[in-house]
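Working notes, structure below.
The values are calculated or read from the model by the stated rules, or taken from the named source; none is laboratory data. Computed from a prediction, not measured in an experiment: that's the story for all the values here. Cβ atoms come from the backbone with ideal geometry, glycine included; neighbour counts cover every protein chain shown.
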Amino acid sequence: MQKRLTVFCFLFFILFSHSILSQTNSNSSSIFEVTRKFSDSNNFLVAYNAISEFPSKSPQEKWQKMQMQITYASFLAHHPDYAELLKKFERPVSKDSLYHKIKEHALWNSAAYDKILDEAKMHKIVMINENHFTPQHRVFLQTLLPELKRLGFNYLAVEALFSDSTLNTPKGIPTLKNGFYIREQNFGQLIRIAKKLGFKFVAYDFFTNPQDRETAQAENIYNKTFKMDKRARVIVYAGIAHIFEKPTRNQKKWMAQIFKEKYHMDPLTISQTHLNRYRKLFNQSIGLVNAKVFKNPNMNNVDYLLINNLEINPVQEDDYNFSFQNKFSRPLQLNIFLTSEMKHLDDFKDKIPFKAYYLESGDQLQIKLPEDDYYLVIFDDEGNIVAKEKISTTH
């Protein structure tokens, strides 16, 4: 499963990088071509519907389609298909030998955070991975960033960023033009938090030759940070296998191992993907296991394994200051934008929503928004804007 997901991640980057898109045959008919039509849009619901309606025949086509579906479903909080699609990707979980290893050795919640920070103090570079359609992984890094900043970390290197030049300007904000995955609301907020904390962003990915990608990633990280700044301390946020410090079965070396061997710096590597499917077996928010307790080389190819069971994007909050009910007879996408990121009220088309929810007919949303000014844009399931409104939670 991990191998197939990694291949998919690369395909996605290829399809959505600006250099490759310009070379794509516009007459081709594939699920990727359908998705490409929405690459510059924050209208995720209509994109999801178009992908779902696209016919797929071969096992490969069905596999590609399902990956696109779950990615777009993850962009919309509480999309009803997300959980079902996730079940198709994750193997069934039981209280097996891995479960008992976790139960015996895991540190939970504050103890897990404390251990990570203690380890980070001894490293110049920390690498954390994610599954690209698991928003909880981004929320975990959000919670960790302030503490890592206090430890002196000052660079955030993000996989699949198209460019870091605009983000590193004083007024830089995350937009759809910065990358594909950061359009997910929690990823966008991760970028905003890092910006506010004063991190410098590093776009290190390589979209040209798949054979050279791992080496190019390692070189780009070093050249944009440690080579220029001897006091640099770097956080790398990458997709699944790129943080592996040991080769996989085909003896493929990944970015972290290449970086370690070439620049003689040992990264602290934390995987959120190895044990991801065990999260629901534990009534805890965060768990951490030292990978050394596992003898299987597929389990100990990083330093630590994280179990992320964070709750995100609530629909009902007792202390809510914003409410909305879908009184239409069809599903809606509710986007909430920060007006501080907009030049005018129609300047939302390339912006990343602060919040993006899926609402069935009759559904009610009651959430607490931070004190700020917002712009509400509501799409129906055919992509039409059915409502726009300024809202404010400031007193």
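Check Asp363 against each of (1) more than 25 Å from the chain's Cα centre (by Cα); (2) under 23 Å from Glu53 (Cα atoms); (3) surrounded by 15 or more Cβ atoms within 10 Å (Cβ to Cβ) and name the one condition it does not meet.
Going through (1) more than 25 Å from the chain's Cα centre (by Cα); (2) under 23 Å from Glu53 (Cα atoms); (3) surrounded by 15 or more Cβ atoms within 10 Å (Cβ to Cβ) one by one, Asp363 breaks only (2).
With the checklist (1) touching a residue at least 60 places away in the same chain (Cβ under 8 Å); (2) closer than 19 Å to Asn308 by Cα; (3) not β-branched (Val, Ile, Thr) in hand, flag the one item Leu156 doesn't pass.
Looking at each condition in turn, Leu156 falls short on (2).
All but one of (1) modelled with pLDDT of 95 or more; (2) part of a loop (DSSP other than H, G, I, E, B) hold for Ser163; state the number of the condition that does not hold.
Of (1) modelled with pLDDT of 95 or more; (2) part of a loop (DSSP other than H, G, I, E, B), only one is false for Ser163: (1).
Evaluate the range 183-199: report whether one residue or more is in a strand (DSSP E or B), over 30 Å from Asp96 (Cα atoms) and in contact (Cβ under 8 Å) with a residue 24 or more places away in the chain.
Applying the first criterion (in a strand (DSSP E or B)) to the range 183-199 yields none.
No, every residue in the range 183-199 fails to be in a strand (DSSP E or B), over 30 Å from Asp96 (Cα atoms) and in contact (Cβ under 8 Å) with a residue 24 or more places away in the chain.
In this structure, does Ser94 turn out to be surrounded by fewer than 20 Cβ atoms within 10 Å (Cβ to Cβ), over 22 Å from Asn313 (Cα atoms), of a type in the set (Gly, Ala, Ser) and modelled with pLDDT of 95 or more? Show your work before the answer.
Values: surrounded by fewer than 20 Cβ atoms within 10 Å (Cβ to Cβ): yes; over 22 Å from Asn313 (Cα atoms): yes; of a type in the set (Gly, Ala, Ser): yes; modelled with pLDDT of 95 or more: yes.
When the stated conditions are applied, Ser94 passes them.
If you take just the helices (runs of 4 or more DSSP H) that sit entirely in the range 51-160, which of them hold at least 3 residues that are under 22 Å from Val293 (Cα atoms) and either of a type in the set (D, E, K, R) or outside the structural domain of Arg183 (by TED's automatic domain parsing) (or both)? If you could, list the steps in order and put the result at the bottom.
Values: elements: 59-74, 82-89, 97-105, 110-120, 135-150.
Result: 97-105, 110-120.
Can you name every residue in the range 371-395 that is among the charged types (D, E, K, R), outside any loop (DSSP other than H, G, I, E, B) and closer than 14 Å to Phe337 by Cα?
Step one: filter the range 371-395 for residues among the charged types (D, E, K, R), giving 371-373, 380-382, 388-390.
In the following step, the residues that additionally are outside any loop (DSSP other than H, G, I, E, B) were identified as 373, 380, 388-390.
Those that are among the charged types (D, E, K, R), outside any loop (DSSP other than H, G, I, E, B) and closer than 14 Å to Phe337 by Cα: Asp373, Lys388, Glu389, Lys390.
Residues in the range 350-370: is at least one in contact with a Ser or Thr (Cβ under 6 Å, 6 or more places away or on another chain), within 27 Å of Gln142 (Cα to Cα) and assigned by TED's automatic domain parsing to the domain that holds Leu268?
Checked the range 350-370: no residue is in contact with a Ser or Thr (Cβ under 6 Å, 6 or more places away or on another chain), within 27 Å of Gln142 (Cα to Cα) and assigned by TED's automatic domain parsing to the domain that holds Leu268.
Give me the pairs: first residue in the range 283-304 and in the same structural domain as Lys253 (by TED's automatic domain parsing) and farther than 12 Å from Ala106 by Cβ, second residue part of a strand (DSSP E or B) and among the β-branched types (Val, Ile, Thr), beta-carbon distance under 6 Å, and six or more apart or on different chains, which are they?
These pairs meet every condition: Val302/Thr269; Asp303/Thr269.
Examine the range 332-345 for a residue that is under 14 Å from Tyr375 (Cα atoms) and at pLDDT below 95, and state whether such a residue exists.
Within the range 332-345 (the criterion being under 14 Å from Tyr375 (Cα atoms) and at pLDDT below 95), the answer is yes, since at least one residue qualifies.
Test Ala256 against the stated conditions and say whether it is without any contact (Cβ under 8 Å) to a residue 40 or more places away in the chain, touching a Phe, Trp or Tyr at 6+ places or on another chain (Cβ under 7 Å) and surrounded by 15 or more Cβ atoms within 10 Å (Cβ to Cβ).
On the way: without any contact (Cβ under 8 Å) to a residue 40 or more places away in the chain: no; touching a Phe, Trp or Tyr at 6+ places or on another chain (Cβ under 7 Å): yes; surrounded by 15 or more Cβ atoms within 10 Å (Cβ to Cβ): yes.
The answer is no for Ala256.
Select from the range 224-266 the residues that are within 22 Å of the chain's Cα centre (by Cα) and either assigned to a loop (DSSP other than H, G, I, E, B) or not assigned by TED's automatic domain parsing to the domain that holds Asn131 (or both) and list them in ascending order.
Once the filter is applied, which keeps residues that are within 22 Å of the chain's Cα centre (by Cα) and either assigned to a loop (DSSP other than H, G, I, E, B) or not assigned by TED's automatic domain parsing to the domain that holds Asn131 (or both), the range 224-266 yields Arg233, Phe244, Glu245, Trp254.
If the requirement is being exposed (fewer than 13 other Cβ atoms within 10 Å of the Cβ), at pLDDT 95 or above and out of contact with any strand residue (DSSP E or B) (no Cβ under 6 Å at 6 or more places or on another chain), which of these qualifies: Asn321, Asn384, Asn308? If you could, list the steps in order and put the result at the bottom.
Values: Asn321 fails: exposed (fewer than 13 other Cβ atoms within 10 Å of the Cβ); Asn308 fails: exposed (fewer than 13 other Cβ atoms within 10 Å of the Cβ).
Residue meeting the stated conditions: Asn384.
Looking at (1) within 23 Å of Asn178 (Cβ to Cβ); (2) crowded, with 21+ Cβ neighbours inside 10 Å, which one does Tyr358 not meet, given that it meets all the others?
(1) is the only condition that Tyr358 fails.
Restricting attention to the range 259-270, does a residue exist that is in contact (Cβ under 8 Å) with a residue 24 or more places away in the chain, more than 17 Å from Ile125 (Cβ to Cβ) and surrounded by fewer than 18 Cβ atoms within 10 Å (Cβ to Cβ)? Quick ask: steps written out before the conclusion?
Within the range 259-270, the first condition is being in contact (Cβ under 8 Å) with a residue 24 or more places away in the chain, and the residues that meet it are 259, 262-263, 265-270.
Remaining after also requiring more than 17 Å from Ile125 (Cβ to Cβ): none.
No, the range 259-270 contains no residue that is in contact (Cβ under 8 Å) with a residue 24 or more places away in the chain, more than 17 Å from Ile125 (Cβ to Cβ) and surrounded by fewer than 18 Cβ atoms within 10 Å (Cβ to Cβ).
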